[in-house]
Amino acid sequence: MAILTTEDLTRRVEALKAVNSLSAPPDFTLDSDRKPILVVRNLSKGFGHVTAVDAINFEVFEGEIFGLVGLNGAGKTTTMLILSSLLNPDSGSATVCGYDVVKEKDGVRRSIGFVFEEEAVDIYLTGKQNLDFAARMYSLARQEREKMVADVLKTVGLEQHANTKVKDYSGGMLRRLEIARGMLTSPKVLLLDEPTIGLDVQTRRYVWDYLRRVNKEMGVTALLATSYLEEADYLCNRIAILHEGKIVASNTPEALKDSFGENLITLKLSKGSQEDFARQLREMTWANSVETQSQGTLVLSLKDKSIGIPEIVRMAKTHGFSISSIKSSTPSLNDVLLHYAKKSVAERDE
Amino acid sequence: MWGGWYGKMDVQEVTHRPLFEGEPIYSMWLRELIRFFAMRSRILATFASPLIWLLFLGIPLSQIFSSGASQSVPGGLSFFAFIVPGIVSMGLLFGGTNSGVTVLWDKEFGFLKEVMVAPVRRTSLMIGRSLGALTIALIQALATLGIALILGTWLGFRIISVAGFLLAIGFMIITFFAFVGFGLTLGALIENTEGFMTIVRMIEFPMFFLSGALLPISVIKGIPVLYQLQFINPLTYGVDGVRGLLTGVFLLPAWLDLTVIVAFALLFLFLGAYAFSKMEVD
């Protein structure tokens, strides 16, 4: 990709948009201050005959929460492991804070914190022992280490349970400890692999809010791998949808929802002709398409998001129609993901 | 590449790593000990296991050897005194090999990933871990010797000298590390962890049985292959060295015991360390 050799940041992003259908996140101005922290180029990794990651490209900017979203086996964890320098790619390259994940593993490891999908703490040790153990790996002065452990225990609200063995922790406490361990050394980049897997709604929300806070207050850049779409929607500035090792779409969650789903209104009339009302609706500038279905049902696709049920009900009234039932459906990221899953199944069947 | 545009970020002061990473090594050692003392069943097994071998195998077998005059233990040792160093060496074989291969378990269960993402040498992690396992193995060896000395007042086992005892400890340490290296190498060779322990047992037990730990190696002198196998088994030299130093009866030349076990330790520690340093998490 010769276009990438240009040193002009704007042009580089323009080129990327073309290559990768990337677009700049709305709340990120792409001035020269916004540094790419993670840069992934044509990264591939296979295991035996299976290609887990297939020539993917993306970059994550400083202070951003970037989501890698995909079904199980899409290649999320493999990508994360490569970026953490624990696994070498077959081809392509990746840098973290400017350090190459193959040649400069030490620099990469100094830059990152990793929260693993599976349990990575020792359940026979107490919470504090686990953190102390992790901190010692960085060979810090004693006071510094102890302060670090105490601070992070406080942040995740585990001070009360610092001296309890981890095997007696609840699921939520365990995840908080895992995140605390990842955050321990205040890394520049936090790699989170399914950080809320197996948690209840309340605990999940707690973890999300904590991650948001850490991202805002400490300026941590985060790469989040998740199969929970609502998680990516809630947390991420931008997401890339990974399917069978390939990035099939990458944008802000909103833009993806807009491009892959429609705001649909389904309604039934109790008074007036279905055909007449459909004709009326088609004349509206905000209507994309109007479809008449059996049993008097109308399906209306909207161009303009600001138009909702109240406007349509009002319109029906003024024209002498009366609506017996109406519902609106907004697209979710699930539709986007399932769209790709279905598409690839269809392609395989051909 | 692009990383070069902005230069490397000063993440933390990237100083040169010390050759000896004391904190991580200590920390890995400490973790092994905390885990050991946290599990009551493991402490119990440390004392119960040598007791079972010595009581339920040592005493019955020693009856065969003391009643039948045609078969006697070389060097004039009581049979019980003969197998005590064998049981001690068994602990070193199993403890050392397990310590090496369980690196794989940690990898599987995620714990090793946690420490592997830290900027620490792989070899430091391995050294700390092995030192922890060594400490536990030595606790077990001392427990075995303690029990054997008590039973030995009736069954005829005593340690010849303090110097012999101390030298035997040194020899045990070398033997232990030889098997740590062996275990690491095995772990690296067999990538699949499923059924892995079964394969390891299939290698460990023949090594134990054909090492002169339970029966003098001369017992099977007439049987081809089996007899020769004993001489390519490194544990044979480990057992003989420990026995010689503890009881004063060497069945092989002492220099040969030392040479073989040191060579074996160096070879496999080198192979194991190399395999470990190349290990990826997948």
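Filtering the range A:163-172 for residues that are within 21 Å of residue A:215 (Cβ to Cβ), surrounded by fewer than 24 Cβ atoms within 10 Å (Cβ to Cβ) and more than 9 Å from chain B (Cβ to nearest Cβ) leaves a non-empty set. Pairing residues of the range B:258-279 that are within 13 Å of residue B:121 (Cβ to Cβ) with residues that are surrounded by fewer than 21 Cβ atoms within 10 Å (Cβ to Cβ) and of a type in the set (D, E, K, R), at Cβ distances under 6 Å and at least 6 apart in sequence or on separate chains, gives B:276/B:122; B:277/B:122. Here is the figure for the range A:293-306: residues that are surrounded by 13 or more Cβ atoms within 10 Å (Cβ to Cβ) and free of Cβ contacts under 8 Å to residues at least 40 places away in the same chain total 8. Would you call residue B:145 free of Cβ contacts under 8 Å to residues at least 12 places away in the same chain and of a type in the set (A, V, I, L, M, F, W, C)? Taking the combined requirement at face value, the residue does not satisfy it. Can you name every residue in the range A:82-137 that is polar (S, T, N, Q) and more than 26 Å from residue A:39 (Cα to Cα)? Listed by number, the residues that qualify are A:126, A:129, A:130. Within the bounds of the range A:279-289, is there any residue that is touching a residue at least 40 places away in the same chain (Cβ under 8 Å) and not in a helix (DSSP H, G or I)? No: zero hits. Residue pairs whose Cβ atoms lie under 9 Å apart, separated by 6 or more positions or on different chains, with the first residue in the range B:119-142 and farther than 18 Å from residue B:21 by Cα and the second of a type in the set (Asp, Glu), are B:133/B:32; B:135/B:32; B:136/B:32.
Mind telling me which of the residues B:56, B:79, B:47 ends up being modelled with pLDDT of 80 or more and surrounded by 16 or more Cβ atoms within 10 Å (Cβ to Cβ)?
Within the list B:56, B:79, B:47, the selection yields B:79.
Against the list (1) at pLDDT 90 or above; (2) closer than 22 Å to residue B:30 by Cβ, the condition residue B:129 fails is (1). Residue A:237 - would you say it is in contact with a Pro (Cβ under 9 Å, 6 or more places away or on another chain) and closer than 30 Å to residue A:313 by Cα? No. Within the range A:307-330, residues that are of a type in the set (Gly, Ala, Ser) sit with their Cβ atoms under 7 Å from residues that are surrounded by fewer than 15 Cβ atoms within 10 Å (Cβ to Cβ) and in a helix (DSSP H, G or I), at 6+ positions apart or across chains, in these pairs: A:328/A:309.
Each residue in the range A:93-129 was checked for being of a type in the set (Ser, Thr, Tyr), farther than 17 Å from residue A:224 by Cα, within 7 Å of chain B (Cβ to nearest Cβ) and in contact with a strand residue (DSSP E or B) (Cβ under 6 Å, 6 or more places away or on another chain), and 1 of them qualify. Looking for something part of a loop (DSSP other than H, G, I, E, B) and touching a Leu at 6+ places or on another chain (Cβ under 8 Å) - is there at least one such residue anywhere in the range B:243-252? The answer is yes, given that some residue of the range B:243-252 is part of a loop (DSSP other than H, G, I, E, B) and touching a Leu at 6+ places or on another chain (Cβ under 8 Å).
Which residue is farthest from the other protein chains (Cβ to nearest Cβ), if the candidates are limited to the range A:181-214 and must be assigned to a loop (DSSP other than H, G, I, E, B) and of a type in the set (D, E, K, R)? Among them, the one singled out is A:200. Within the range A:66-84, restricting attention to residues that are buried (at least 24 other Cβ atoms within 10 Å of the Cβ) and at pLDDT below 90, which residue is nearest to the other protein chains (Cβ to nearest Cβ)? Out of the qualifying residues, it is A:74.
Condition check for residue A:305 on (1) within 30 Å of residue A:67 (Cβ to Cβ); (2) of a type in the set (Lys, Arg); (3) at pLDDT 80 or above: one failure, at (3). May I ask you to say which residue of A:135, A:150 is out of contact with any Gly (no Cβ under 9 Å at 6 or more places or on another chain), more than 10 Å from chain B (Cβ to nearest Cβ), of a type in the set (A, V, I, L, M) and part of a helix (DSSP H, G or I)? On inspection, the qualifying residue turns out to be A:150.
From the list A:254, A:231, A:194, the one residue that fits, being in contact with an Asp or Glu (Cβ under 6 Å, 6 or more places away or on another chain), under 28 Å from residue A:75 (Cα atoms) and of a type in the set (Asp, Glu), is A:194.
The values are calculated or read from the model by the stated rules, or taken from the named source; none is laboratory data. Since this is a predicted model, take the numbers as computed values, not measurements. Quick reminder, even Gly has a Cβ in these numbers, built from the backbone with ideal geometry, and neighbours come from all protein chains shown.
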